[in-house]
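Right, one structure below, let's go through it.
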Amino acid sequence: MGCDGDALDDGRDRDVTAKVAVVTGGSRGIGRACAVALAEAGWTVAIGYRSSEKDAKETVEALSAAGTQGLAVALDVTDGASVHEAFRRVTDEVGNVTGLVNNAGMSRDGLLIKYPLDVYEQTMATNLRGSFLCSQAALRGMLREKWGRIVNMSSAVAIHGNAGQTVYAATKSGLVGLTKSLAREMASKGVTVNALCPGLLDTDMTSHLTDEMRAYYIDQTPLHRAARFEEVAAVVRFLMSEDASYVNGTVIPVDGGLTA
């Protein structure tokens, strides 16, 4: 069926006045890599940090080296007031937020039968409630601009599970459900929502692994190595770009074939 090209609105030529992203947990590791990748793609990036202001400022310096403006913003994703204030500050200082990478997370391994309830609640609050609160706050700017990108950092364990990570896997599986449902809610508003499921990364959250445990995960990965931060960040950069305008509600493993 024919179509008048002038009447076709595929979202590719929309004039977005704000290209401002918030990266939660952006002060180091995979968050920092995502922030730098977005800066290189022309985004103004706000680095959300909870405790390490020094690391956050170092990340802002890395963004400046990439030729793009950045700022460090105190942000405790478990605290609604902190989330509200952080997004208000970003909006006031650099413009409406049109990009969000929900990267802040925590993990503490342990068998469910003796898992501490307070750690369960903290993990849920950080990984799942935090992504809910930040998405809610970010959507205000996206709806104003009629354009937006949300990328949720899930995990390969959300797909295949892992003994000793029941709670962590539950939060990351919850992110998959949040991603797919929010993608349906926001599609007509010009906002896409997608999730990544990285495999093994050498981060603070995996620093507790023994050499034997790390070797086991590497052996289970067809590429037989851990992912580099930049490899995950490259997929985030794509999903946040205009080239990904028709990618919505997807869950993308970046795991070297671990879940294949």
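Every number in this text was worked out from the coordinates using simple rules, so none of it is lab data. Source: prediction; values computed, not measured. Note that we place each Cβ from the backbone using ideal geometry, even for glycine, and neighbour counts take in every protein chain shown.
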* What is the spin-label model distance, in nm, from residue 215 to residue 89 if the labels are put 7 Å beyond Cα along the C-beta direction? -> 4.6
* To do: Go ahead and estimate [θ] at 222 nm for the chain from helices alone: -39,500 (n - 2.57) per DSSP H run with n ≥ 4, summed, over the residue count, rounded to 500.
  => -13000 deg cm²/dmol
* To do: Using the Karplus curve 6.51 cos²θ - 1.76 cosθ + 1.60 with θ = phi - 60°, work out ³J(HN,Hα) for each residue of segment 235-252 in order, rounded to whole Hz, and write x for Gly and Pro.
  => 6, 4, 4, 5, 4, 8, 8, 5, 4, 9, 4, 10, 9, 8, x, 8, 10, 10
* **On Cα atoms only, tilt of 211-220 relative to the major axis of the chain in degrees** => 60
* Given the pairs 57/180; 19/54; 54/189; 54/114; 57/114, which span a C-alpha to C-alpha distance of over 28 angstrom in this model? -> 57/180; 54/189; 54/114; 57/114
* **Nearest-ten-degree value, helix 166-186 long axis tilted from longest Cα axis of the chain** => 10
* Structure fact -> Pseudo-spin-label distance residue 184 to residue 259, built 7 Å along Cα→Cβ, given in nm, is 1.9
* To do: On a 0 to 90° scale, report how tilted helix 130-145 is relative to the longest principal axis of the chain, with both axes built from alpha carbons and the result rounded to the nearest 10.
  => 10
* Hey, can you grab everything whose amide H is under 5 Å from the amide H of residue 72? Only 5+ residues off in sequence or another chain; H modelled, so Pro and N-termini drop out. => 47
